[in-house]
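For reference, the structure discussed in these notes is given below.
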Amino acid sequence: MLAAEATGQRAWVEKHGVAADELALIFDDAFRLVPVLVAEGHLDAGVFPDLQAIDEMFRAMSGRQNAGRWSVGALADDAGWIMVRETARRVLAVVG
């Protein structure tokens, strides 16, 4: 879902009745499994730097001072969300 266009992300968030931060929370859950998936040969180790970059982007967007970055409207034009989408698309191009 992180690689989807902002309109698709917004539709997903609205369909499921959750806040935009749910996208990051789902990523965080999956990201914790990456070392195991790489070790077991289920995931190309080459995508780890991009996945780690996404994790770092979300961390940089965190905090009370960044609350506006987690609105549904921010999905379309926030620089962090744009970078997350671009990076997620690179990952998909490898694992696709």
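The values are calculated or read from the model by the stated rules, or taken from the named source; none is laboratory data. Worth saying up front: this structure is predicted, and the values here are computed from it rather than measured. All Cβ positions, glycine included, derive from the backbone under ideal geometry; neighbour counts span all protein chains shown. In case anyone asks, the SASA skips ligands and DNA or RNA and just uses the protein heavy atoms, side chains included. Shrake-Rupley method; radii C 1.70, N 1.55, O 1.52, S 1.80 Å.
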#### Entry: Helical mean residue ellipticity (222 nm; -39500 (n - 2.57) per DSSP H run of 4+; nearest 500) of the chain
-19500 deg cm²/dmol
#### Entry: Net charge over other residues, Cβ less than 13 angstrom from the Cβ of residue 89 (K, R count +1; D, E count -1)
-1
### Query
Can you tell me the accessible area per residue over the chain, all protein chains present, probe 1.4 angstrom, in square angstrom?
60
#### Entry: Backbone HN-Hα couplings from phi across region 31-42 [Karplus 6.51/-1.76/1.60, Hz, Gly and Pro as x]
4, 5, 8, 4, x, 5, 5, 5, 4, 8, x, 8
### Query
Could you give the length gained on full extension between residue 15 and residue 45, defined as 0.36 nm per residue of separation minus the Cα-Cα distance, in nm?
7.5 nm
### Karplus-derived 3J(HN,Hα), 6.51/-1.76/1.60, for each residue of region 10-15, Hz, glycine and proline x
4, 4, 5, 4, 5, 4
### Message
Rounded to whole Å, give me the distance from the Cα center of region 1-34 to that of region 64-92.
### Response
10
#### Entry: Extension reserve of the residue 4-residue 95 stretch, reckoned as 0.36 nm per residue once the Cα distance is removed
31.2 nm
## Note on the structure
Computed ³J(HN,Hα) along region 19-27: with the Karplus parameters 6.51/-1.76/1.60, θ = phi - 60°, integer Hz and x for glycine or proline, the list is 7, 4, 5, 4, 4, 6, 5, 5, 4
